Amino acid sequence: MKPSAFRYHRPGSIAEAVDVLADVGPDQGRVLAGGQSLVPSMAFRLAAPSTLVDINRIEELGHLSVQDGSLVIGACVRHAAFHRSVVDGVPGPFLTRVARHIGHYPIRQRGTFCGSLAQADPASEWCLVAVALGASVTAASKRGTRRIEATDLIVGAMTTTLAEDELLTEACLPLPAPETRLGFAEFSRRAGDFALAMVLASYRVVDGRIAGACVAVGGAEDRPRRIAAAEMALDGNPPGAETFAAAGGAAAEALDPMEDAQTSVAYRRDLVRTLTSRALERAAA
Amino acid sequence: MSARVNLTLNINERDYAVSVEPRHTLADVIRDQCGLTGTHLGCEHGVCGSCTILLDGEPVRACLIFAVQCDGQEIRTVEGLSEGNELHPLQASFRDNHALQCGYCTPGFLMLAAGILERNPSISDEDLRDVLSSNICRCTGYANIVKAVRAAVAEMGRR
Ligand SMILES: Cc1cc2nc3c(=O)[nH]c(=O)nc-3n(C[C@H](O)[C@H](O)[C@H](O)COP(=O)(O)OP(=O)(O)OC[C@H]3O[C@@H](n4cnc5c(N)ncnc54)[C@H](O)[C@@H]3O)c2cc1C
Ligand code: FES
Ligand code: FES
């Protein structure tokens, strides 16, 4: 179908954008970033915004840089920016591997990192990364700016705590310590589809034992989250198949998976069990 | 109906003055107002890739972008590939390698391949297959599409 009618604004600065949003936000106005989630939902008439505030030409939202040990990602930074390593060390190639799971190449040329967080799809790779690595975002409005932790931003499927008049201007992703190992695994039925489940695992090895473990699961519940039981199964134990399997079992058990006609609860648990081991193995490699 | 906006779209190095509603997608305007019907629409929600065009050199889904967003940008469609009657190497290679049957998906695949090969002529087989998995073809079974794109790389290098 075709999207229904809307008014179109294309502000040239953040100040101008938040001015427009203050006016149109409360009246069904929406930010248009990459449009790779919003435009399909408008085509289905699931969304019928009165006004779109197109942020694509706001130059000050295009920044991507490391500041104080964090990767700062402006709202116009597209998924494709991560096709190349954006930082030195382990996290650069890691983010590249994760990005390649987001839709398809042409989708990644338009879709944005921050748009993914604002969309809060349960199966968003970037939402999982943000929650696992402890990211925060900056939200700007005419009322001022505030910082929101990713875990406080993403509160349910397609649901965030952003207000109608707020523009998410940047995300701030703390970069793990250099010796941290990172692994990611996901499963989808066809290349480019949203994943049925995905796992991000990270840990350090101190004196032959795992320390600072993080196991985060996405796509299985209504939002990504860290699974404490799986992390406890890792910390203090030597890395290896047995420990990884124990963590996978703990993650599968701790979940309360979503269910749909094609994907049962038991199937998602099985996926998470396997994907946890896989992500941990990839981190070890 | 919302107010129309007048703008100029640059498509295949030619300017088109159009008058659009903000809700008109780039794909619809390319087809209905510019008369370039080589760009096809399959799903209209980003899944099939038949509407793929190049925007400032990068392949994008023309059904997921509004025409009003695209003034001042360089748009290329399948009509811009050949030089007069001489087919682009990708087009010739699709013909020679039986990479199309009904042809509905073909313009999208051609623009996808043109975009990626211009950017990365030495792309690996694995990466090429990954990129080509972006679009759907109901006829060919993909093998000949991969083969055709691979075969065109050498020819494109010669040009
Ligand atoms: C075929 C297909 C497959 C896909 N597969 C995947 C996948 O596997 N994994 C995945 O994660 N995604 C997938 N996507 C979605 C894609 O990643 C989107 O790019 C992403 O979800 C949203 O980012 P966007 O920049 O396109 O945002 P838009 O579509 O422009 O916006 C999405 C929502 O967020 C709001 N918003 C966007 N930016 C801001 C901001 N800066 N401030 C405030 N609000 C904002 C908008 O108002 C809107 O409500 C897929 C999309 C398609 C079409
Ligand atoms: S018509 Fe655009 S992706 Fe299908
Ligand atoms: S040739 Fe018919 S859909 Fe591809």
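Remarks
- Subset of region A:38-93 [outside the structural domain of A:Ala130 (by TED's automatic domain parsing), free of Cβ contacts under 8 Å to residues at least 12 places away in the same chain and of a type in the set (Gly, Ala, Ser)]: A:Ser41
- Number of residues in region B:59-105 that are hydroxyl-bearing (Ser, Thr, Tyr) and either more than 16 Å from ligand 3 (Cβ to nearest atom) or under 14 Å from B:Asn10 (Cα atoms) (or both): the value is 2.
- Filtered by the rule that a residue be buried (at least 21 other Cβ atoms within 10 Å of the Cβ) and small (Gly, Ala, Ser), region A:219-249 gives A:Gly219, A:Ala220, A:Ala230, A:Ala233, A:Ala247, A:Gly248.
- Filter result for A:Cys76 (away from chain B (no Cβ under 12 Å), part of a loop (DSSP other than H, G, I, E, B) and either of a type in the set (Phe, Trp, Tyr) or under 30 Å from B:Ile136 (Cα atoms) (or both)): yes
- Against the test of being part of a strand (DSSP E or B), among the aliphatic types (A, V, I, L, M) and either farther than 30 Å from A:Pro176 by Cβ or within 10 Å of another protein chain (Cβ to nearest Cβ) (or both), the options A:Leu21, A:Leu46, A:Leu52, A:Leu71 yield a single qualifying residue, A:Leu52.
- Only one of the listed residues (B:Leu26, B:Leu36) is in contact with a strand residue (DSSP E or B) (Cβ under 7 Å, 6 or more places away or on another chain), away from ligand 1 (no atom under 16 Å from the Cβ) and either basic (Lys, Arg) or touching a residue at least 40 places away in the same chain (Cβ under 8 Å) (or both). That residue is B:Leu36.
- Of the strands (runs of 3 or more DSSP E) lying entirely inside region A:107-177, none contains at least 2 residues that are at pLDDT 95 or above, within 14 Å of chain B (Cβ to nearest Cβ) and within 16 Å of ligand 3 (Cβ to nearest atom).
- Any chance B:Gly49 is surrounded by 19 or more Cβ atoms within 10 Å (Cβ to Cβ), under 17 Å from A:Gly35 (Cα atoms) and either within 15 Å of ligand 3 (Cβ to nearest atom) or more than 14 Å from every other protein chain (Cβ to nearest Cβ) (or both): yes
- Lone qualifier among A:Ala15, A:Ala22, A:Ala33 - being over 24 Å from the mean Cα position of the chain (by Cα), surrounded by 15 or more Cβ atoms within 10 Å (Cβ to Cβ) and not aromatic (Phe, Trp, Tyr): A:Ala22
For (1) in contact (Cβ under 8 Å) with a residue 40 or more places away in the chain; (2) among the hydrophobic types (A, V, I, L, M, F, W, C), each residue gets a yes or a no:
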{"position": "A:Gly218", "(1), (2)": "yes, no"}
{"position": "A:Glu242", "(1), (2)": "no, no"}
{"position": "A:Gly248", "(1), (2)": "no, no"}
{"position": "A:Ala254", "(1), (2)": "no, yes"}
{"position": "A:Thr263", "(1), (2)": "yes, no"}
{"position": "A:Asp270", "(1), (2)": "no, no"}
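- When residues in region B:30-46 are screened for being over 17 Å from B:Cys137 (Cβ atoms) and within 9 Å of another protein chain (Cβ to nearest Cβ), 2 of them pass.
The values are calculated or read from the model by the stated rules, or taken from the named source; none is laboratory data. Values in this document were obtained by computation on a predicted structure and should not be read as measured data. Don't worry about glycine lacking a Cβ; one is built from the backbone with ideal geometry, like all the others, and counts go over all protein chains shown.
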